[in-house]
Amino acid sequence: MTRPRLLLFALVALLVAVVGVVVLREPQGIAGTAVAGAGAAPTTTTQLTTTTPPATTTTVPSPVRTPQGAPLAGKIKPGEQRKGVATFYDSDGGGACSYDPGPDPLTAAMNVADYENSAACGAFVLVQAGGKSITVRITNLCPAPCRPGQLDLSAQAFAMLAPPVKGEIPITWTLVSPETPKTIAIRYKSGSSQYWCGIQVLDHRNPVARLEVQAGGQWRQLKRAEYNYFLAEDGVGCGGAIAVTDVHGERLVVNALPVRPDAVQATTLQFARAGE
């Protein structure tokens, strides 16, 4: 073989070797880029899992439930006789319980301790003094200097027990469950909407111990305000079904009612008389 041909052959062999190296290194370069990209992805995932969840998932509260068997009655317990004194004032049936004034003269205001953040509102109590007795409905709060056990009766109710000139008389009183032709009604507070609402129970025979609203297929217990409305401050459950439980443990379910502020919406339901 001549010398020029040997040089040409050597040159071709060198070119083939260089191309082969380039072809072999190019896939490694692509693979290196892909791995680098995958390495950045876990950083993004970690940031998402440690970020505070959106408000829509954290502000919706879980249902609040009273433990099974928990006592429903507050300080005013069925069958328990209380002692105190009775005074009187000019009552029109309205007051701290947020009831409308009415024609029934036999009402009373409850002392602060037994009012218990409006738990006494609507309760009927049998008041006895000097061999006489009357049944009155709690519609108002008697602030200090009213003492535990004291009832501030309407002037008409007091006069049925003793001459008004006495001013104050010793009494005993007991929670009762009287006959009534009325059925329970529901009222949404003024300003209520799908975003906030207050719910009041009217004309109930027995004191209301608990109110729940249905939201998302679950029951949620609402907090009671001292002015005798149960509040859904975030609007959850407003306009849904309502469950009302009395101090004896009877639970009545009211079908969903429209949120109509200040409107009294009647039902066909009423708590049974205690012991029946």
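The values are calculated or read from the model by the stated rules, or taken from the named source; none is laboratory data. The structure presented is a predicted model; accordingly, all values stated were derived computationally and were not measured. Neighbour counts are summed over all protein chains in view; Cβ atoms, including those assigned to glycine, are modelled from backbone coordinates with ideal geometry. Note: areas computed on protein heavy atoms with side chains; ligands, DNA, RNA excluded. Shrake-Rupley method; radii C 1.70, N 1.55, O 1.52, S 1.80 Å.
Annotations
- Rolling a 1.4 Å probe over the heavy atoms of the protein chains gives the range 115-250 an accessible area of 39 Å² per residue.
- Across the range 133-276, Cα pairs under 8 Å and at least six residues apart give a relative contact order of 24 percent.
- Pairs with C-alpha atoms separated by more than 29 Å, drawn from the list Lys166/Lys223; Lys77/Lys132; Lys166/Lys189, are Lys166/Lys223; Lys166/Lys189.
- Here each label is just a point 7 Å from Cα along the line to Cβ, and for Glu80 and Ala144 those points are 2.3 nm apart.
- Taking the accessible area of the range 141-186, probe 1.4 Å, and keeping the other protein chains in place, the carbon and sulfur fraction comes to 66%.
- Simple Cβ-charge dipole of the range 106-223, Lys/Arg +1 and Asp/Glu -1, about Cα centre, in debye nearest 20: 200 debye
- Of the peptides 159-165, 116-122, the ranking by mean beta-carbon count within 10 Å, highest at the top, reads 116-122, 159-165.
- Cα gyration tensor, the range 82-136 - rounded (a/c under 1.5), prolate or oblate: oblate
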